[in-house]
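These notes are about the structure you will find just below.
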Amino acid sequence: MLNYRKNINAMPSYDGIEKNYRIKVNANESTLNLPPLVEERVLNRLYHVAFNRYPNEEYYSLVEQIARNFSVKEEQILLGNGSSEIIEKVFHTFGGDGHKVVFPVPSFSMYKIYAKAADSQAVPFDLDKNFDIDVDKFIKTVQDSRADLAVICNPNNPTGNALTVDDVEKIAASINCAFLLDEAYVEFYGHSAFKLVAKYPNLIVARTFSKAYGMAGARVGYMIANADVTRMVGKTFMPYHMNTLSLVAADIVYQMRDEFTPRIQITVAERKRISQLLKMIPALEVFPSHTNFILIRHEKAERLKNYLESVDIGVRYFSPSAQGLKNCLRLSMGTREENDEVFKVISDWLNTD
């Protein structure tokens, strides 16, 4: 008889199976691959990779770059397989039996899973009807629950709204536990709180290459924190946990990150344009966003999702059990042509159904 770890069967799971839709705007990915010049340099660099060596040099080359860009010490940077692995390790570092983790809902669905995997007690904090976070109430919840870790996704996924840097600082200054700020979408927002790490040793900032830099398939992320924090979180990683191919690609991408600025600007402009168009559809609620996606709500959301899939357009639908997200759909930004088609299909179906 196989003796599984206690409660493993009760673990929630994340459905990562993706269909290759004709228009795929369901996963908050970049709709474009690497810029041609970046791709050329990545491929040239990969040609010289020493596959027989562990990725020490490649790891620390990227760490050095990131540290230099943020004007922090290299000891303050940790790399991971996407920011998801970074977040998971932070949960393990500060979680455990009897430890509590506070995070908003709705937010990134993996927080609940990470808390469970770390044998921690999740303390969900409800956002208001507009998906805004009451900062004072959040602080009080963290304090009253005697939490060991507080987590906020900023801008928030899947709602798209964001806290100001002043709000983030108020939280960091008011709580005594570790504070993880998930900035996966911050490039589309333009207001990072990373400078607060120098002032608040409890603050941990997680970033990713998956969204703005279009490297979701490479799985590269990083965290910025106090050196003592990175040392402790680093103990939860296995040796050589990242592969050379992803590190080399990320190193080139980070060197050439200015090549992505026009794409980020176009994505933001498209988000604003499509938001305005969607607001013209009667009975369709469109939530403000500072990301590369838009959250909408309509009473026929499930039927609309099914129709979109029937014409080979993939969007993110949230089941009725998803707290606060009943009748909601999330639309990532594609190319202008893709966005126009998605809008037309939504508009035509809602106006004729």
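Quick one: is Y59 within 27 Å of E259 (Cβ to Cβ), in the same structural domain as K129 (by TED's automatic domain parsing) and surrounded by fewer than 21 Cβ atoms within 10 Å (Cβ to Cβ)? Against the criterion (within 27 Å of E259 (Cβ to Cβ), in the same structural domain as K129 (by TED's automatic domain parsing) and surrounded by fewer than 21 Cβ atoms within 10 Å (Cβ to Cβ)), Y59 qualifies.
Out of L329, L295, L247, one residue alone is farther than 16 Å from L32 by Cβ, assigned by TED's automatic domain parsing to the domain that holds L127 and not aromatic (F, W, Y). It is L247. Among the residues of segment 112-121, is there at least one that is out of contact with any strand residue (DSSP E or B) (no Cβ under 9 Å at 6 or more places or on another chain) and of a type in the set (S, T, Y)? Within segment 112-121 (the criterion being out of contact with any strand residue (DSSP E or B) (no Cβ under 9 Å at 6 or more places or on another chain) and of a type in the set (S, T, Y)), the answer is no, since none of the residues qualifies.
Out of S107, S120, S84, one residue alone is at pLDDT 95 or above, touching a His at 6+ places or on another chain (Cβ under 7 Å) and under 19 Å from A178 (Cβ atoms). It is S120.
Residues that are in a loop (DSSP other than H, G, I, E, B), touching a residue at least 60 places away in the same chain (Cβ under 8 Å) and in contact with a Gly (Cβ under 8 Å, 6 or more places away or on another chain): does segment 71-94 have at least one? Yes, because at least one residue in segment 71-94 is in a loop (DSSP other than H, G, I, E, B), touching a residue at least 60 places away in the same chain (Cβ under 8 Å) and in contact with a Gly (Cβ under 8 Å, 6 or more places away or on another chain).
Among the residues making up segment 302-323, a single one is modelled with pLDDT under 95 and either in contact with a Lys or Arg (Cβ under 6 Å, 6 or more places away or on another chain) or charged (D, E, K, R) (or both): P320. Checking R41, R53 one by one, the residue that is of a type outside the set (G, A, S), surrounded by 11 or more Cβ atoms within 10 Å (Cβ to Cβ) and in contact (Cβ under 8 Å) with a residue 12 or more places away in the chain is R41 and no other.
Scanning segment 20-38 turns up no residue that is basic (K, R) and closer than 25 Å to N226 by Cα.
Residues that are within 15 Å of G214 (Cα to Cα) and surrounded by fewer than 13 Cβ atoms within 10 Å (Cβ to Cβ) were ranked within segment 1-38; the one that is modelled with the lowest pLDDT is N33.
With respect to the stated conditions, R257 fails to be at pLDDT 95 or above and buried (at least 20 other Cβ atoms within 10 Å of the Cβ).
To keep it simple, each residue is scored yes or no on (1) surrounded by 22 or more Cβ atoms within 10 Å (Cβ to Cβ); (2) touching a residue at least 24 places away in the same chain (Cβ under 8 Å); (3) acidic (D, E); (4) more than 19 Å from K24 (Cα to Cα).
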residue: D312; (1), (2), (3), (4): no, yes, yes, no
residue: S321; (1), (2), (3), (4): no, no, no, yes
residue: G324; (1), (2), (3), (4): no, yes, no, yes
residue: S332; (1), (2), (3), (4): yes, yes, no, no
residue: T335; (1), (2), (3), (4): no, yes, no, no
residue: E338; (1), (2), (3), (4): no, yes, yes, no
residue: K344; (1), (2), (3), (4): no, no, no, no
residue: S347; (1), (2), (3), (4): no, yes, no, no
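The condition of being crowded, with 19+ Cβ neighbours inside 10 Å, modelled with pLDDT of 95 or more and in the same structural domain as E338 (by TED's automatic domain parsing) does not hold for I224. For segment 266-305, filtering for residues that are part of a helix (DSSP H, G or I) and either surrounded by fewer than 16 Cβ atoms within 10 Å (Cβ to Cβ) or not basic (K, R) (or both) leaves 16. Give segment 118-144 a look and list any residue that's touching a residue at least 24 places away in the same chain (Cβ under 8 Å) and buried (at least 17 other Cβ atoms within 10 Å of the Cβ), or say none. Listed by number, the residues that qualify are A118, S120, V123, P124, L127, F131, I133, V135, F138, I139, T141, V142.
Can you say whether S310 is polar (S, T, N, Q) and either under 19 Å from the mean Cα position of the chain (by Cα) or more than 21 Å from N20 (Cβ to Cβ) (or both), as far as the supplied structure shows? Here the answer is no, as S310 does not meet what is asked.
Scan segment 227-237 and give yes if some residue there is surrounded by fewer than 19 Cβ atoms within 10 Å (Cβ to Cβ), more than 21 Å from C153 (Cα to Cα) and touching a strand residue (DSSP E or B) at 6+ places or on another chain (Cβ under 7 Å), otherwise no. Within segment 227-237, one or more residues are surrounded by fewer than 19 Cβ atoms within 10 Å (Cβ to Cβ), more than 21 Å from C153 (Cα to Cα) and touching a strand residue (DSSP E or B) at 6+ places or on another chain (Cβ under 7 Å).
The values are calculated or read from the model by the stated rules, or taken from the named source; none is laboratory data. A quick note: this is a predicted structure, and the numbers were derived from the prediction, not measured. Because the Cβ atoms are built from the backbone with ideal geometry, glycine has one as well, and the counts that use them run over all protein chains shown.
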